[in-house]
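I have placed the structure first, in the form of structure tokens, so that the comments after it can refer back to it.
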2 protein chains.
Amino acid sequence: MTTELYFEDLHPGMKFPSIRSYKVTAEEIKAFAENYDPQPFHLDEAAGESSFFKGLAASGWLTAAIVMRLRVESIKIAGGMIGAGVEEIRWMQPVRPGDSLHTEAEILEVRRSASRPTFGVVRSRTITYNQREEVVMRSVVNFLAPVRETT
Amino acid sequence: MTTELYFEDLHPGMKFPSIRSYKVTAEEIKAFAENYDPQPFHLDEAAGESSFFKGLAASGWLTAAIVMRLRVESIKIAGGMIGAGVEEIRWMQPVRPGDSLHTEAEILEVRRSASRPTFGVVRSRTITYNQREEVVMRSVVNFLAPVRETT
């Protein structure tokens with residue numbers, strides 16, 4: 001679906017599955033960690049083995065960034081998806097090298113913005129699964145969508 | 001301070017300022033966006049000008065990743081800082097090329113973990129400022145810290 005969505009197009013209960021899976025490599029896990037989360041269990045297989053994670057694991061912030069990528073590809077908001085805040089992120093399972101992630105986003109709630117009258121606020125929950133359909137992350141995020149008819 | 005911190009060392013009201021500022025470049029904003037948030041206002045100055053953000057702006061997920069970097073450098077948890085979930089992220093101001101970010105984290109609450117008896121759960125709020133001391137992001141994150149004395 002390439003139609004751009006406006007606030008009026010979005011209703012509670014609508015679901016947006018990701019349009020593909022995202023394969024996570026050891027290289028990406030380590031490169032992200034070097035930049036943003038330089039902890040042994042995100043940087044090195046051997047250090048990961050002796051850690052809480054029992055192996056190399058992706059930074060939860062890498063997983064969150066990949067989830068944003070999958071959401072942006074599958075929910076095409078007119079003018080772009082502008083974040084209005086995160087209500088919750090839970091990391092349920094480690095993300096490992098070779099894991100393939102996909103998401104399903106659901107619209108929970110929509111309301112006109114009080115502070116920005118040409119926008120609505122869309123509350124959404126996204127469940128992120130690995131290739132075994134295990135939930136690796138749950139999140140609730142608000143974003144803005146422009147109102148089509150501004151009177 | 002290089003001492004590694006255990007659960008017993010952390011108390012509500014303790015504050016951890018970042019040990020440095022993090023300079024955000026246009027290159028990093030665009031590179032992150034290409035990988036994880038490929039929207040025009042994060043990829044291109046001209047597209048940014050005509051957008052909601054009125055100029056090139058960092059993805060909120062890049063800002064969140066930079067905040068993790070600054071937190072990991074300033075709060076040295078024994079065995080590493082393991083995320084136990086996000087309760088809130090609010091992006092208050094766009095982050096622009098050339099901005100220099102610093103953080104202050106505060107411990108809000110500590111409690112032993114019911115499900116993991118050798119860990120405690122630490123609830124923390126982090127305020128992220130730019131070089132004009134404007135708040136660009138607020139977040140509340142829980143992390144695990146190992147208990148020193150396990151009986």
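The values are calculated or read from the model by the stated rules, or taken from the named source; none is laboratory data. What you see is a predicted model; the values in this text were computed from it and never measured. In this analysis, Cβ positions are derived from the backbone assuming ideal geometry, glycine residues included, and neighbour counts consider all displayed protein chains. Just so you know, the surface numbers come from the protein's heavy atoms only, side chains and all, with ligands and any DNA or RNA stripped out. Shrake-Rupley method; radii C 1.70, N 1.55, O 1.52, S 1.80 Å.
Here are some notes:
- Loop-located chymotrypsin sites (Phe, Trp or Tyr not before Pro) in the range B:102-151 (DSSP state other than H, G, I, E, B) with a sparse environment of at most 12 neighbouring Cβ atoms within 10 Å are absent.
- Relative to the current alpha-carbon distance between A:Arg148 and A:Gln131, full extension at 0.36 nm per residue lengthens the span by 2.3 nm.
- Spatial extent of the range B:18-78: Rg and Dmax, with the Cα atoms as the point set, Å: 13.4, 47
- Computed on protein heavy atoms with a 1.4 Å probe, the accessible areas place B:His102, A:His42 in the order B:His102, A:His42, largest first.
- Coupling constants for the range B:124-133 follow from the phi torsions by the Karplus curve (6.51 cos²θ - 1.76 cosθ + 1.60, θ = phi - 60°), and in residue order they are 9, 10, 10, 9, 10, 10, 9, 5, 9, 6 Hz; glycine and proline get x.
- Along principal axes, Cα extents of the protein assembly as shown, largest first, whole Å: 65, 47, 33
- Note on chain A: GNM, Cα springs under 10 Å; of A:Val135, A:Val122, A:Val86, the largest mean-square fluctuation is that of A:Val86.
- Restricting the GluC sites (Glu not before Pro) of the range A:52-151 to loop positions (DSSP other than H, G, I, E, B) with no more than 14 neighbouring Cβ atoms within 10 Å leaves A:Glu133, A:Glu134, A:Glu149.
- Note on chain A: dipole from Cβ charges, positive end direction compared against A:Phe119, A:Pro38, A:Phe16; the farthest Cα belongs to A:Phe119.
- Average partner coverage of B:32-39, which counts Cβ from other chains inside 10 Å: 6
- In the range B:8-118, the portion of solvent-accessible area held by carbon and sulfur atoms comes to 50 percent [1.4 Å probe, whole percent, DNA, RNA and ligands not counted].
- Loop-located trypsin sites (Lys or Arg not before Pro) in the range B:98-151, at most 15 other Cβ atoms within 10 Å (DSSP): B:Arg132, B:Arg148
- Our helix-only sum for chain B, with -39,500 (n - 2.57) per DSSP H run of n ≥ 4 divided by its residues, gives a mean residue ellipticity at 222 nm of -6500 deg cm²/dmol.
- When chain B is treated as a Gaussian network with alpha carbon springs shorter than 10 Å, the biggest mean-square fluctuation among B:Arg116, B:Arg96, B:Arg71 belongs to B:Arg116.
- Taking only Cα atoms of chain B, radius of gyration then Dmax in Å: 17.2, 61
- Distance between modelled label sites at B:Glu49 and A:Tyr6, nm, 7 Å Cα→Cβ extension: 2.7 nm
- Take each residue of peptide B:76-88, count the partner chain Cβ atoms within 10 Å of its Cβ, and average: the result is 5.
- A:Arg20 versus B:Lys76: modelled label distance in nm, points set 7 Å from Cα along the beta carbon direction: 4.2 nm
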